[in-house]
Amino acid sequence: MTRTRIPPWLMVVVILIAFGGGALYVRHFVENVLKPRQLAQHREKISRDIALADEQFRRKRWMAAVQQYQFVLRAYPSDLDAARRGAIQHRAGAALRQEGLRKRDKALLDRARTALMEALTLNDDIAPSVYRETQSELGRLHATYFELSGDRAALDASLAAWRAALRVTNAAEDPAAYAEIWLQVGNALRSIYEARPESGDIAPALDAYGRALEVSTQTADPAGHARAQVERAAALLAAAPRQSTHRYSTWAADALQQALTALDGDADRPAYGRAQKLLGDAYMLLASHPPSNLPDNWHYQHKYRHESLARRAYELAEQAGVPRGAETKSPN
């Protein structure tokens with residue numbers, strides 16, 4: 001048998017083909033298997049780190065949440081798009097506001113404002129829902145500034161933020177958010193009135209509460225309806241001494257009685273106690289301001305009846321943890 005000799009050049013070609021095939025396989029494995037797997041693991045780690053911060057937020061461990069959010073922003077600067085960074089800044093700002101309110105610390109509130117403004121600027125084409133949530137948090141933040149400092153400008157800023165949120169909110173698409181924002185607009189307008197009652201007008205606040213109540217009806221949203229009625233009653237009582245005291249106090253008592261039908265004294269203790277305390281205030285105003293057409297010999301009966309109703313309301317408020325002399329602020 002004649003032995004065929006393989007030319008050297010052919011051997012070189014075979015070796016190169018084999019080597020090239022192996023290299024192509026390695027490249028394929030790296031590009032299509034290894035790198036996607038590493039990328040998925042990296043993304044999963046980012047998600048875990050964000051979830052850890054969210055869990056701290058959920059548990060109201062505000063500063064632990066802030067620290068974890070800041071770690072995420074530092075650790076993954078090139079892995080987070082603007083929308084995700086904006087969402088993280090929003091949550092960090094919300095946590096800083098809560099901690100600033102708890103500690104009554106303006107420096108923390110300043111940090112919260114910086115984070116929230118950064119959240120807005122990071123999103124050029126921000127989704128309406130995200131814009132609404134960030135503006136709403138700014139509204140709460142400026143209300144907290146006012147609570148700590150008494151600065152009227154903070155109330156104006158709070159009102160502007162809530163109105164900005166309202167511009168991107170539709171009652172048909174999100175009735176709960178629409179009603180909540182109108183409620184907060186009413187609270188801001190009421191606070192502005194309370195800061196300067198001698199030159200203010202309570203009507204815009206009452207109109208805002210009315211807009212909230214148009215959506216949060218007793219049938220569709222009993223809890224939201226009750227909350228709006230309590231805030232409306234607080235506004236009526238704030239204005240009563242400078243308006244028709246008897247009429248405004250009567251309207252306030254009617255609103256509070258409606259609210260109390262939906263409030264549970266056990267499950268909603270703070271809200272229930274606040275409503276009962278305000279109801280006691282309304283009855284005390286009615287006791288001292290009888291209707292103008294009431295016969296003179298009925299004044300004592302009118303006074304005694306409403307004082308008795310007020311005492312009972314104050315007793316129920318105290319049982320719910322709200323003493324008679326407590327300041328009844330709107331929940332923020």
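The values are calculated or read from the model by the stated rules, or taken from the named source; none is laboratory data. As the structure is a computational prediction, the values presented were derived from the model and not from experiment. Cβ coordinates were reconstructed from backbone atoms using ideal geometry, including for glycine residues, and neighbour counts include every protein chain displayed.
Any residue at all in the stretch 125-140 that's out of contact with any helix residue (DSSP H, G or I) (no Cβ under 6 Å at 6 or more places or on another chain), in a helix (DSSP H, G or I), in contact (Cβ under 8 Å) with a residue 60 or more places away in the chain and not polar (S, T, N, Q)? Within the stretch 125-140, one or more residues are out of contact with any helix residue (DSSP H, G or I) (no Cβ under 6 Å at 6 or more places or on another chain), in a helix (DSSP H, G or I), in contact (Cβ under 8 Å) with a residue 60 or more places away in the chain and not polar (S, T, N, Q).
Criterion applied to ALA234, ALA228, ALA223 was being closer than 28 Å to ASN170 by Cβ and surrounded by fewer than 18 Cβ atoms within 10 Å (Cβ to Cβ), and the one residue passing it is ALA223. Quick one: ALA177 ticks every box in (1) more than 13 Å from LEU166 (Cβ to Cβ); (2) small (Gly, Ala, Ser); (3) surrounded by fewer than 22 Cβ atoms within 10 Å (Cβ to Cβ) bar one, so which box is it? Of the numbered conditions (1) more than 13 Å from LEU166 (Cβ to Cβ); (2) small (Gly, Ala, Ser); (3) surrounded by fewer than 22 Cβ atoms within 10 Å (Cβ to Cβ), the odd one out for ALA177 is (1).
Scanning the stretch 163-189 for residues that are modelled with pLDDT under 95, assigned to a helix (DSSP H, G or I) and among the charged types (D, E, K, R) yields a count of 1. For the structure I just gave you, tell me whether ALA160 is of a type in the set (A, V, I, L, M, F, W, C), over 15 Å from ASN187 (Cβ atoms), out of contact with any Ser or Thr (no Cβ under 7 Å at 6 or more places or on another chain) and assigned to a helix (DSSP H, G or I). Criteria not met by ALA160. Checking each residue in the stretch 113-130 for being at pLDDT below 90 and not hydrophobic (A, V, I, L, M, F, W, C) picks out THR121, ASN123, ASP124, ASP125, PRO128, SER129.
The selection criterion, being assigned to a helix (DSSP H, G or I), surrounded by 24 or more Cβ atoms within 10 Å (Cβ to Cβ) and touching a helix residue (DSSP H, G or I) at 6+ places or on another chain (Cβ under 8 Å), does not hold for LEU206.
Within the stretch 265-282, the set of residues being polar (S, T, N, Q) and over 9 Å from ALA317 (Cα atoms) is empty. Residues that are within 30 Å of PRO197 (Cβ to Cβ), touching a His at 6+ places or on another chain (Cβ under 7 Å) and either at pLDDT below 90 or not hydrophobic (A, V, I, L, M, F, W, C) (or both) within the stretch 131-162 comprise GLU137, SER158, listed in sequence order.
Going by what's in this entry, would PRO241 be described as under 30 Å from SER136 (Cβ atoms), part of a helix (DSSP H, G or I) and at pLDDT below 95? So PRO241 fails the test. Here ALA240 qualifies as touching a His at 6+ places or on another chain (Cβ under 9 Å), of a type in the set (A, V, I, L, M, F, W, C), buried (at least 21 other Cβ atoms within 10 Å of the Cβ) and within 21 Å of LYS277 (Cβ to Cβ). Within the stretch 57-83, the set of residues being in contact (Cβ under 8 Å) with a residue 24 or more places away in the chain, assigned to a helix (DSSP H, G or I) and not β-branched (Val, Ile, Thr) comprises PHE57, TRP62, MET63, ALA65, TYR69, ALA75, ALA82, ALA83. Any residue that is in contact with a His (Cβ under 7 Å, 6 or more places away or on another chain), of a type outside the set (A, V, I, L, M) and in contact (Cβ under 8 Å) with a residue 12 or more places away in the chain - is there at least one of those in the stretch 206-225? There is at least one residue in the stretch 206-225 that is in contact with a His (Cβ under 7 Å, 6 or more places away or on another chain), of a type outside the set (A, V, I, L, M) and in contact (Cβ under 8 Å) with a residue 12 or more places away in the chain. For TYR283, indicate whether it is under 29 Å from GLY210 (Cβ atoms), at pLDDT 85 or above, of a type in the set (Phe, Trp, Tyr) and more than 24 Å from the chain's Cα centre (by Cα). The answer is yes for TYR283.
Please state which one of THR134, THR121 is surrounded by fewer than 22 Cβ atoms within 10 Å (Cβ to Cβ) and of a type outside the set (Gly, Ala, Ser).
Just a single option satisfies the conditions, and that option is THR121.
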